[in-house]
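Below is one structure, written out as structure tokens; comments come after it.
The values are calculated or read from the model by the stated rules, or taken from the named source; none is laboratory data. All of these numbers come straight from a predicted model, not from anything done at the bench. All Cβ positions, glycine included, derive from the backbone under ideal geometry; neighbour counts span all protein chains shown. These area figures cover heavy atoms from the full protein model, side chains too; ligands, DNA and RNA do not enter into them. Shrake-Rupley method; radii C 1.70, N 1.55, O 1.52, S 1.80 Å.
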Amino acid sequence: MSLPHRRAETAVLIPCFNEEITIAGVVEDFRKELPGALVCVFDNNSTDASAERARAAGAELIHEARRGKGFVVQSIFRQIDADVYVLVDGDATYPASAVHSLIAPIAAGEADMVVGSRLHAQSQSQFAHLHRWANRLVLFILNLVFRVRLTDVLSGYRAFSRSFVKNLALFGGGFEIETELTIKSVARGYRIVEVPVSLALRPEGSHSKIHFFRDGMLILTTILTLFRDYKPLTFFGSLGLLFLAASLIPGLTVVAEYFESGFVKLPAAVLAVGLGICGLLLGAIGLLLHSIARRAQEFDYQLQMLGDQLSRERPSSDEISR
């Protein structure tokens, strides 16, 4: 069932898959914190009573047939029209009371995406030790590759501006969606603000849907793929330098052998030349893709400016209601 198209000033969007124990409480908490907001639960083919309990708690309900959190977020971005978007998991681990600190920078025009950071110095999150270190590993890799200083990449508690939602293309279908959101925000120059939130443990009887190793590899693959797409010169240039460095090993051996005996080891020479050519080709590919990426960034910037202009010209939610 699709939600009838209508505008909302603030929308609270809750992805949900088999959260019958917690979903009603999450809906009720956010309705108390934001009485005038649209609270919408996106049911991802739950096999329990999640949908019924969400509706009974007063939430709008939309069904997303494609299984995966990423597909739910894609559906949210496509179907909901609001000035401020709040995305939160339906497992009751994020405090509804923190929503005001998330939406404040959006409402003030100071941020395009606000992330509720569970690993912030001021947070008192309750993590399993393995999950905490896994989060820190992903964070370290992303900060190193994209040269940023974020404290939480995988948080499921975020707020977005309308222009951000309507101008960002998402393709991830699973739990890599938070990584994709963060990297594309950084790569496209959106303003990111982090506010501390304290993650709570799941209530008894509630179970995480994350598969640690499978989803962990998916997240790392997403970082590598987006690194290639958004920083092709660094990606292919680094590979090219590695191949050139590797070519020096058999190359220096060949040169040393020639000066010592006057003979050339053909297999080593061929290997050195092959590695060197591969390195040069990778560098050339990086330069070519870098030029294409720069042009794409310029085109994307022009589209953002056009979108901002159209957004300023559209009627406000108050004018529509009148």
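In table form, for the structure just shown:
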read-out	value
Cβ-Cβ under 9 Å pairs, at least 6 apart or on other chains, segment 273-291 side closer than 25 Å to D229 by Cβ, far side not in a helix (DSSP H, G or I)	H290/K231
Test for Q74: is it part of a helix (DSSP H, G or I), open to solvent by 10 Å² or more (accessible area, probe 1.4 Å) and on the phi < 0 side of the Ramachandran plot	yes
Residue in segment 220-246 that is least open to solvent (accessible area, probe 1.4 Å), counting only those that are among the small types (G, A, S) and within 10 Å of G286 (Cβ to Cβ)	G240
Selection count, segment 16-42, where residues are touching a Phe, Trp or Tyr at 6+ places or on another chain (Cβ under 9 Å) and either under 19 Å from P203 (Cβ atoms) or open to solvent by 60 Å² or more (accessible area, probe 1.4 Å) (or both)	2
Any hit, segment 103-116, residues being in a strand (DSSP E or B), within 20 Å of I177 (Cβ to Cβ) and not hydrophobic (A, V, I, L, M, F, W, C)	yes
Within segment 24-63, tally of residues that are of a type outside the set (G, A, S) and part of a helix (DSSP H, G or I)	11
Cβ pairs under 6 Å, 6+ apart, first in segment 55-72 and within 26 Å of L154 (Cβ to Cβ), second of a type in the set (A, V, I, L, M) and not in a helix (DSSP H, G or I)	A59/V39; A59/V41; I62/L3; H63/M1
Flag if A256 is of a type outside the set (S, T, N, Q), surrounded by fewer than 13 Cβ atoms within 10 Å (Cβ to Cβ) and part of a helix (DSSP H, G or I)	yes
Odd one out for S117 among (1) out of contact with any Ser or Thr (no Cβ under 7 Å at 6 or more places or on another chain); (2) among the polar types (S, T, N, Q); (3) farther than 30 Å from F236 by Cβ; (4) crowded, with 16+ Cβ neighbours inside 10 Å	(1)
Conditions (1) open to solvent by 50 Å² or more (accessible area, probe 1.4 Å); (2) assigned to a helix (DSSP H, G or I); number of the one not met by Q126	(2)
Residue match in segment 287-306 (condition: more than 12 Å from R188 (Cα to Cα), open to solvent by less than 30 Å² (accessible area, probe 1.4 Å) and touching a Phe, Trp or Tyr at 6+ places or on another chain (Cβ under 8 Å))	no
Single condition L248 does not satisfy, out of (1) within 15 Å of T179 (Cβ to Cβ); (2) assigned to a helix (DSSP H, G or I)	(1)
Which listed residue, of S291, S311, is at pLDDT 85 or above, among the polar types (S, T, N, Q) and part of a helix (DSSP H, G or I)	S291
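Per-residue answers, yes or no, for (1) modelled with pLDDT of 90 or more; (2) closer than 27 Å to S101 by Cβ:
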{"site": "I192", "(1), (2)": "yes, yes"}
{"site": "M217", "(1), (2)": "no, no"}
{"site": "G237", "(1), (2)": "yes, no"}
{"site": "L241", "(1), (2)": "yes, no"}
{"site": "A246", "(1), (2)": "yes, no"}
{"site": "E260", "(1), (2)": "no, no"}
